[in-house]
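The values are calculated or read from the model by the stated rules, or taken from the named source; none is laboratory data. Being a predicted model, the structure only gives us computed values, none of them experimental. Don't worry about glycine lacking a Cβ; one is built from the backbone with ideal geometry, like all the others, and counts go over all protein chains shown.
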Amino acid sequence: MAVSPAKENILKRIRQALSNPVPLPFAQSEGTSSVFPPASDDLGILFAQEFTALQGKFAFCIGEDDMRKQVQQLIAEKEWTRIYCDTEPWKDSFSNTISLATCDASITGCEFLVARTGTMVMSAAQQSGRTVSVYAPVHICIAYTSQLVYDIKDALQSVKDKYNGNIPSLVTFATGPSRTADIEKTLVTGVHGPKEVYCFLVEA
């Protein structure tokens, strides 16, 4: 079968390119190392800085009792009367409604906290499931210092290790309150999820 001049010209150029390959711009990098420098601050401090910069509200707790006291104080100050929480061991302490649709705030845990981006990592494998962290107008996340990781890739690897390679069907990365600028490029919070997000970080 005859090859057209145009096709032959293309093949010739491909052969020339393969015989004179362009050197890789970063020959020593195989994509396995982070492009971000290591954390210079404590991961808890870094997370708090990034989380609050994105309109999240952060509180550090020295233990379980301190956390419960601070969460109850927040609920009282905000005059929230309907709190949804189906996560042990906090359900008995905080929950007073079984209706997620009509609650004032929801309380969940998380899988991990990403310090570099101020991100909370949640999954469908948690007791709270897929909807609790996004359906309520206010989301309160309770986390522990042992759940802090530096970067997103560290969180993904930690999720994989935690579930022995069986990654949950949904892994969510939540970074501050829901916000959008779709309408006339004006930033609006709470359109596609909670308008307020709190993180209580417990020393562990």
(request) Look at the stretch 120-146 and say how many of its residues are surrounded by 19 or more Cβ atoms within 10 Å (Cβ to Cβ) and touching a Leu at 6+ places or on another chain (Cβ under 9 Å). (result) 10
(request) List the number of the failed condition for TYR84; all other conditions in (1) under 24 Å from LEU148 (Cα atoms); (2) hydroxyl-bearing (Ser, Thr, Tyr); (3) modelled with pLDDT of 95 or more hold. (result) (1)
(request) Determine if the stretch 45-66 includes at least one residue that is in contact with a Ser or Thr (Cβ under 9 Å, 6 or more places away or on another chain), polar (S, T, N, Q), closer than 27 Å to VAL202 by Cα and modelled with pLDDT of 95 or more. (result) no
(message) Quick check on my filter: what residues within the stretch 145-182 are in contact (Cβ under 8 Å) with a residue 24 or more places away in the chain and in a strand (DSSP E or B)?
(response) LEU148, VAL149, VAL171, THR172, PHE173, ALA174, ARG179
